[in-house]
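The values are calculated or read from the model by the stated rules, or taken from the named source; none is laboratory data. This is a predicted model, so every value here is computed, not measured. Neighbour counts are summed over all protein chains in view; Cβ atoms, including those assigned to glycine, are modelled from backbone coordinates with ideal geometry.
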Amino acid sequence: MRKLSLWLRAHPVVGDGAIALFMALLYVADVLTHRHSDPAVFWLLVPGGVLLTVPLAVRRVWPVHSAVAVLLGVVLLTIAREPTMVGNLAPNVMVYTLVVCTSRRIAVPYAALFAVLFLVPLLTGQEPTDDVGQLLLERITFLVMLTGFCYLLGEFVGARRAYLAEVERRLRAVEFERDQQARIAVAEERNRIAREIHDVLAHSVSVMVTQADGAGYALRTKPELAERALQTISSTGREALHELRGLLGVLRGSDDEPDRIPQPTAADLHGLVERVRALGVTATVELVGDFGELPTGIGLSVYRIVQESLTNVVKHGGPGAEAAVRVANDGERVEIEVVDSGAAAPSGLASGGNGLIGMRERAVGYGGSLEAGPRPGGGWRVHAVLPLALPDEDRA
């Protein structure tokens, strides 16, 4: 039944054509029942019948044109002084149609015009009767009941269709918003993974290039140093592959699978500093506070910010560079400070490259801040603050 209803709604001329055919048969039966000897009357009834019935087949396609045609049919029947049942039904069908398909501004005047045409024969004496008042009351009652019913039915159907259309529009809007949120989430995840890959590769490749250069110089004069450098290159490369496998595993795995490789946290900073020391940088690390219960995302951000800062020390600090790392957790926020005694303006940061952008995005992503710049006495300083509690506007 629902499929039939949807099909008829998609093909309105079919259903309306059936209504028009029914009205035409009813009209023909009415005319044949009352035989007319006057040819002039007959030739008014024929076009009148056409105007009353045929437009009903396209009433939803061209509602205003159909309504005008039906009203002209009523005029012809009024001139012929031959009221018919179809002459009363067809205009009321059009009242309903105008309310549903157009607006009250068209439907109300149309209903008023039909009421005038309906009452004109009685008021002008074209219909002989002994009790005009009684017949007038009956006509008015008919108008109120049938025309009023058609008008109110049109209001109900129109309101329901408008409601359903609004519901459908809102559903489409919700679906569109959900799709946009999914796209944003995918883009954010891609950016996150891109930052992770950048941090891993930037640090590891910098270490490997530095060690490879040193091994090349020491290969003939100090083979033991060259061997140590090659071991550092090997271990750094393995660690980079280890972390990249974890990131790529997240891309390949499903949402239900746990992460294959645990992400580094603030507790792993000692190992990071040890690897930097092996590159000839005098580095120290100081952890103040408890980092065991640190949220995973903040712990990873702390590690990556320190890692990127030390990578720039290795790349731009020069021989004998010194770096001091201090990370403090006071229970409300985590404060990170990395200072070095190397070049005054590491190019990777001064140029506003991906390293600085990535560090700032990590800090801002957790409602924090990051500052990086040269120190007055020489060297470079990176200072970041990551709050452990959401700002008030994020809680709301």
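Brief remarks follow.
- Of all residues in the stretch 65-120 being at pLDDT below 90 and of a type in the set (S, T, N, Q), the one that is nearest to Phe142 (Cα to Cα): Asn88
- Pairs with Cβ under 7 Å, 6+ apart, first in the stretch 260-274 and within 19 Å of Val314 (Cα to Cα) and among the acidic types (Asp, Glu), second part of a loop (DSSP other than H, G, I, E, B) and modelled with pLDDT of 85 or more: none
- Scanning the stretch 46-76 for residues that are in contact with a Gly (Cβ under 6 Å, 6 or more places away or on another chain) and either under 17 Å from Pro121 (Cβ atoms) or in a loop (DSSP other than H, G, I, E, B) (or both) gives Gly48, Leu52, Gly73, Val74, Leu76.
- Yes/no for Val285 being among the β-branched types (Val, Ile, Thr), closer than 27 Å to Gly378 by Cβ and either at pLDDT 90 or above or assigned to a strand (DSSP E or B) (or both): yes
- Number of the exception - Asp179 against (1) modelled with pLDDT under 85; (2) surrounded by 13 or more Cβ atoms within 10 Å (Cβ to Cβ); (3) assigned to a helix (DSSP H, G or I): (2)
- Boolean, Ala90 is touching a residue at least 60 places away in the same chain (Cβ under 8 Å) and buried (at least 17 other Cβ atoms within 10 Å of the Cβ): yes
- Taken as a whole, the stretch 22-45 holds no residue that is at pLDDT 90 or above, in a helix (DSSP H, G or I), touching a Lys or Arg at 6+ places or on another chain (Cβ under 9 Å) and under 25 Å from Gly158 (Cα atoms).
- Entirely in the stretch 306-396, the helices (runs of 4 or more DSSP H) that have 1 or more residues that are at pLDDT 80 or above: 354-365
- Out of Pro121, Pro109, one residue alone is in contact with an Asp or Glu (Cβ under 7 Å, 6 or more places away or on another chain), farther than 19 Å from Val13 by Cα and in a helix (DSSP H, G or I). It is Pro121.
- The set of residues in the stretch 121-134 that are surrounded by 14 or more Cβ atoms within 10 Å (Cβ to Cβ) and modelled with pLDDT of 70 or more comprises Pro121, Leu122.
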